[in-house]
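The structure appears below as structure tokens.
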Amino acid sequence: MIQDDFSSTTFTLPEDADSLDVVINEVLFNPRPGGVDFVELFNRSDKYINLKNWSIGNFEEDSITNSKVITEKNLLLPPTSYLVLTEDPVILKADYPMSNEARFITTDLPSLPNENGTVSIVNQSNNLIDAFEYDENFHLSLLDNFDGISLERVSAEKQTQSQDNWKSAASTAGFATPGIQNSQQISIQSGAEVITISPRVIVPDNDGMADFATINFNFDSGNNIATVSVFDALGRPVKRLLENASIPANGFITWDGTNDRLQKVRIGSYIIHFEVFDAGGNVSSFKDRIVVGSRF
């Protein structure tokens, strides 16, 4: 269990959290039979944040519902650290032995239905810090079932609600990573190139290694409209990733090696076609190659 960090001999000055200083980083809403739900928080800021009298709840439009106080004691969350909220840390640790139980805290959780639901985090002043509307369709479609598999945030820097920013926890990590770095976490590339794809070869088997491709984009300004498609080597359409969608100046989308029918594509070479209309009506088109492989 986490101890009261203010009892430490190292003195730090807690700061108030702004929106998204702390983000929802991982959610297990469909536990194994006899298992328990959990919600993991991550401090993405450089602040030491006291979570005393913070709450977790659901939300409907602009209203917070089923609010539960996380703790009434001083609880310091240092920069780049995790906190796992669960109703039974003993069961959670037994289900996920590779987890870090030192970052678990016992607390009541709001309703987390198995198919879809909402999670919100508010601070002691009742200001919304982060909120996530999850859906089991965010999971890898190739999985037989989702029992005991968490949804992990891909990047703490990108939008919480983007479906591309959530992936099923890898099988090699035990299907959940409470209290430790997410198995599907990536570092967002930056640089002069407008479109970059990483990795160039994917093997979508949910083992945590090259399960999906990240298509990063970096434009000079926002207010862009994008259509992004995947074609096979013969130029036949395979999957539409975006269609006339508004995108920011920079961000990413992902492709998990499935087609429009959510079936795994064949091994081979594919083309990512990225077409963008800017605010002035100018059209830019980018093409790049990616390979879907397999492990034998």
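Restricting to the stretch 100-121, name every residue that is more than 14 Å from Leu85 (Cα to Cα) and of a type outside the set (Gly, Ala, Ser).
If the condition is that a residue be more than 14 Å from Leu85 (Cα to Cα) and of a type outside the set (Gly, Ala, Ser), then Pro113, Asn114, Glu115, Asn116, Thr118 are the ones that fit.
Can you tell me how many residues in the stretch 207-245 are out of contact with any strand residue (DSSP E or B) (no Cβ under 6 Å at 6 or more places or on another chain) and either touching a residue at least 60 places away in the same chain (Cβ under 8 Å) or farther than 21 Å from Arg261 by Cα (or both)?
Total satisfying the criteria: 9.
Output the number of residues of the stretch 83-136 satisfying the condition of being among the small types (Gly, Ala, Ser) and touching a strand residue (DSSP E or B) at 6+ places or on another chain (Cβ under 8 Å).
Residues meeting the conditions: 5.
So is Val238 of a type in the set (A, V, I, L, M) and in contact with a Lys or Arg (Cβ under 8 Å, 6 or more places away or on another chain) or not?
It is false that Val238 is of a type in the set (A, V, I, L, M) and in contact with a Lys or Arg (Cβ under 8 Å, 6 or more places away or on another chain).
With (1) under 27 Å from Gly280 (Cβ atoms); (2) buried (at least 21 other Cβ atoms within 10 Å of the Cβ); (3) within 13 Å of the chain's Cα centre (by Cα) as the list, and Asn182 as the residue in question, which single condition is left unmet?
(1)
What is the one condition in (1) among the polar types (S, T, N, Q); (2) in a loop (DSSP other than H, G, I, E, B); (3) surrounded by fewer than 20 Cβ atoms within 10 Å (Cβ to Cβ) that Thr118 does not satisfy?
Of the numbered conditions (1) among the polar types (S, T, N, Q); (2) in a loop (DSSP other than H, G, I, E, B); (3) surrounded by fewer than 20 Cβ atoms within 10 Å (Cβ to Cβ), the odd one out for Thr118 is (2).
Could you please find all residues in the stretch 139-166 being outside any loop (DSSP other than H, G, I, E, B) and either touching a Ser or Thr at 6+ places or on another chain (Cβ under 7 Å) or at pLDDT 95 or above (or both)?
Leu151, Glu152, Arg153, Asp164, Asn165, Trp166
Of the conditions (1) without any contact (Cβ under 8 Å) to a residue 60 or more places away in the chain; (2) assigned to a strand (DSSP E or B), Val291 clears all except one; give me its number.
The one condition Val291 does not meet is (1).
Which of (1) hydrophobic (A, V, I, L, M, F, W, C); (2) modelled with pLDDT of 95 or more; (3) closer than 29 Å to Asp46 by Cβ does Val90 not meet, given it meets every other one?
The number of the failed condition is (3).
Grab the strands (runs of 3 or more DSSP E) fully contained in the stretch 197-255, keeping just those with 1 or more residues being among the hydrophobic types (A, V, I, L, M, F, W, C) and surrounded by fewer than 19 Cβ atoms within 10 Å (Cβ to Cβ).
Strands (runs of 3 or more DSSP E) meeting the threshold: 224-232, 237-247.
Suppose the filter is at negative phi and buried (at least 19 other Cβ atoms within 10 Å of the Cβ); does Thr258 pass it?
yes
Taking the condition exposed (fewer than 15 other Cβ atoms within 10 Å of the Cβ), assigned by TED's automatic domain parsing to the domain that holds Gln161 and modelled with pLDDT of 95 or more, does Pro79 pass?
Spelling it out, Pro79 is indeed exposed (fewer than 15 other Cβ atoms within 10 Å of the Cβ), assigned by TED's automatic domain parsing to the domain that holds Gln161 and modelled with pLDDT of 95 or more.
The values are calculated or read from the model by the stated rules, or taken from the named source; none is laboratory data. A quick note: this is a predicted structure, and the numbers were derived from the prediction, not measured. Reconstructed Cβ throughout: ideal geometry from the backbone, glycine too, with neighbour counts over all protein chains shown.
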